[in-house]
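The values are calculated or read from the model by the stated rules, or taken from the named source; none is laboratory data. Fair warning: this is a prediction, and the values are worked out from it, not measured in the lab. So basically every Cβ, Gly included, is an ideal-geometry build from the backbone, and we count neighbours across all protein chains shown.
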Amino acid sequence: MSAGKFWPLIAHFQSREARLGERMRRNRVSAFLYEFLRFGVKQAWACLFGGAMVALIVATHYAYPPDTALSRYDFLFLAALAIQCIMLILRLETLEEAKVILIYHVIGTAMEIFKTHVGSWIYPENAFFRIGGVPLFSGFMYASVGSYITRCWRLFDFRFTHHPPVWALLLLSTIIYVNFFSHHYTIDLRWLLFIASAILLGRTWVHYHIWHTHRRMPLLLGLFLVSLFIWFAENLGTWAHAWMYPHQAASWSMVSFSKLGSWFLLLIISYSLVAWVNKPERDSAG
């Protein structure tokens with residue numbers, strides 16, 4: 001289904017893009033380069049909300065006035081709300097995407113409240129809009145992950161082979177979410193959850209449409225690559241002092257590579273929520 005059906009701004013450029021595409025199909029090299037370009041543009045569109053948040057975090061680290069009445073965290077919260085409203089008004093985001101963002105915002109904020117309480121990480125600056133030690137802008141960082149997956153699903157017209165039942169994914173996600181809390185008091189099931197994820201999704205292939213044909217990759221590989229991207233973004237966030245891990249208190253250092261595993265498990269939760277809403281379709285060739 002055409003992405004222009006969901007985002008009118010894309011529909012505005014579709015006819016001109018089609019003419020450009022026809023010219024680029026004249027030889028294999030230009031066709032390959034154009035498909036690569038289309039992939040990058042689609043990824044950028046999918047990252048619109050998350051990219052805006054990361055850009056704001058880095059920009060305010062350098063340029064936000066330290067003595068202003070409105071704290072940096074509160075500015076980030078209000079800016080995130082404004083971006084969300086603008087995207088809905090300009091129809092850069094659909095109501096369905098906003099619902100997923102809201103659900104993941106609540107899930108992320110609840111975990112943030114617990115994790116900051118037990119000292120897993122801290123937010124070193126003051127904020128008026130906060131719950132406990134958690135400024136409310138932080139929930140939007142989790143929500144941006146749900147936004148990215150939802151937009152990718154439509155932009156790349158996802159189809160699947162050997163996709164597990166959604167109820168099984170939701171059950172696994174529930175156990176993953178509980179483990180993020182319970183491992184502070186009992187055994188950590190992380191490695192069992194990695195194994196369960198591999199068993200459940202190991203045979204699943206995602207078929208994605210960039211231009212004229214569907215290409216494919218193992219879903220687990222796709223989730224790992226997105227997790228790696230989020231880990232890099234988290235390094236930017238901690239470097240910009242948006243939040244801080246205990247080992248970064250004296251001076252900044254890279255986020256532990258073990259956090260990549262945490263993001264992978266969180267991504268399973270996000271993916272499950274989006275799959276619950278979108279209902280995975282079977283690839284016709286599969």
Legend entry - Given (1) touching a His at 6+ places or on another chain (Cβ under 7 Å); (2) crowded, with 16+ Cβ neighbours inside 10 Å, number of the condition P135 does not satisfy: (1)
Inset, instruction - Check V274, V206 and return the single one that is surrounded by 15 or more Cβ atoms within 10 Å (Cβ to Cβ), among the hydrophobic types (A, V, I, L, M, F, W, C) and within 15 Å of the chain's Cα centre (by Cα). - result: V274
Legend entry - Filter result for T109 (in contact (Cβ under 8 Å) with a residue 12 or more places away in the chain and touching a Leu at 6+ places or on another chain (Cβ under 8 Å)): yes
Legend entry - First in segment 139-159 and modelled with pLDDT of 85 or more, second anywhere and small (G, A, S) and crowded, with 24+ Cβ neighbours inside 10 Å, Cβ under 6 Å, 6 or more apart: V145/S270; G146/S270; I149/S270
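From the set of residues in segment 89-99 that are touching a residue at least 24 places away in the same chain (Cβ under 8 Å) and surrounded by fewer than 23 Cβ atoms within 10 Å (Cβ to Cβ), which is farthest from Y177 (Cα to Cα)?
Filtering segment 89-99 down to residues touching a residue at least 24 places away in the same chain (Cβ under 8 Å) leaves 90-94, 96-97, 99.
Adding the requirement that they be surrounded by fewer than 23 Cβ atoms within 10 Å (Cβ to Cβ) leaves 90-92, 94, 96, 99.
Details: L90: 34, R91: 32, L92: 30, T94: 27, E96: 23, K99: 19 Å.
Applying the filter and picking the extreme gives L90.
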